[in-house]
Amino acid sequence: MKIAIGSDHAGFELKQVLAKQLADAGHELVDVGAHEYVAGDDYPDFALAVARKVRDGEAARGVVCCGSGVGACVAANKVKGVRACLCHDTYSAHQGVEHDDMNVICLGGKIVGVALAGEIVESFTAASYTPTEKFQRRLDKVLKAEAEG
């Protein structure tokens, strides 16, 4: 799977570990940065870059890391067509894809440890949307709200 990945300074170390894990698992990465630790960088720059790669079809999914994951999630969700969620557990990571067609996962580098983050991302990438009538009905309502603004 082609995956866009990005982080600010607070998620930089976690991003480096996750990028290696994803590449080792056979995923093709689109790394939007940060490519080096810069203490004054801003999470919206990287969250929006990842989200736009997903929106534009340049990546099937996205992974964004910042300090808590919250800011990255808020920013990524400003991009039409992106359904980003903050996930710090494996259940939410796969359930968000299966039920809600989540396409960007956000993680907090200061919140979740490296081993758990790896399991969370693995759960996210292994999951597929389950287009049952109930889940599609709900997703259609979200997409309608997005279109209406």
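None of the figures in this text is laboratory data; all of them are computed from the coordinates on show. Predicted, not measured: the structure shown is a model, and the values here were computed from it. Here Cβ is always computed from backbone atoms with ideal geometry, including for glycine, and neighbour counts include all displayed protein chains.
Quick check: is even one residue across the stretch 114-132 touching a Lys or Arg at 6+ places or on another chain (Cβ under 8 Å), surrounded by 18 or more Cβ atoms within 10 Å (Cβ to Cβ) and assigned to a helix (DSSP H, G or I)?
Start the filter on the stretch 114-132 by keeping residues that are touching a Lys or Arg at 6+ places or on another chain (Cβ under 8 Å), which leaves 124-125.
From what's left, surrounded by 18 or more Cβ atoms within 10 Å (Cβ to Cβ): 124-125.
Cutting the leftovers down to assigned to a helix (DSSP H, G or I) gives us 124-125.
The answer is yes, given that some residue of the stretch 114-132 is touching a Lys or Arg at 6+ places or on another chain (Cβ under 8 Å), surrounded by 18 or more Cβ atoms within 10 Å (Cβ to Cβ) and assigned to a helix (DSSP H, G or I).
The set of residues from the stretch 5-24 being in contact with a Leu (Cβ under 8 Å, 6 or more places away or on another chain) and within 18 Å of P44 (Cα to Cα) comprises I5, S7, G11, L14.
The stretch 37-108 holds strands (runs of 3 or more DSSP E) entirely within its bounds, and those carrying 2 or more residues that are free of Cβ contacts under 8 Å to residues at least 40 places away in the same chain, surrounded by fewer than 23 Cβ atoms within 10 Å (Cβ to Cβ) and of a type outside the set (D, E) map to 84-86. Scanning the stretch 19-30 finds one or more residues that are in contact with a Gly (Cβ under 9 Å, 6 or more places away or on another chain) and either closer than 22 Å to Y129 by Cα or in contact (Cβ under 8 Å) with a residue 12 or more places away in the chain (or both). Return the pairs, sorted by first residue and then second, in which the second residue is of a type outside the set (K, R), the first residue lies in the stretch 126-148 and is touching a residue at least 40 places away in the same chain (Cβ under 8 Å), the beta carbons are less than 9 Å apart, and the residues are 6+ apart or on different chains. Hits for this filter: V142/D100; V142/D101; E146/G81. Of all positions in the stretch 3-23, none carries a residue that is of a type in the set (A, V, I, L, M) and in a loop (DSSP other than H, G, I, E, B). For R138, the conditions (1) surrounded by 14 or more Cβ atoms within 10 Å (Cβ to Cβ); (2) not in a helix (DSSP H, G or I) are fulfilled apart from (2).
State whether the residues of the stretch 84-93 include one that is within 11 Å of the chain's Cα centre (by Cα) and of a type in the set (D, E, K, R).
First pass over the stretch 84-93, keeping only residues within 11 Å of the chain's Cα centre (by Cα): 84-87, 93.
Next, from what is left, pick out any that are of a type in the set (D, E, K, R): none.
No, the stretch 84-93 contains no residue that is within 11 Å of the chain's Cα centre (by Cα) and of a type in the set (D, E, K, R).
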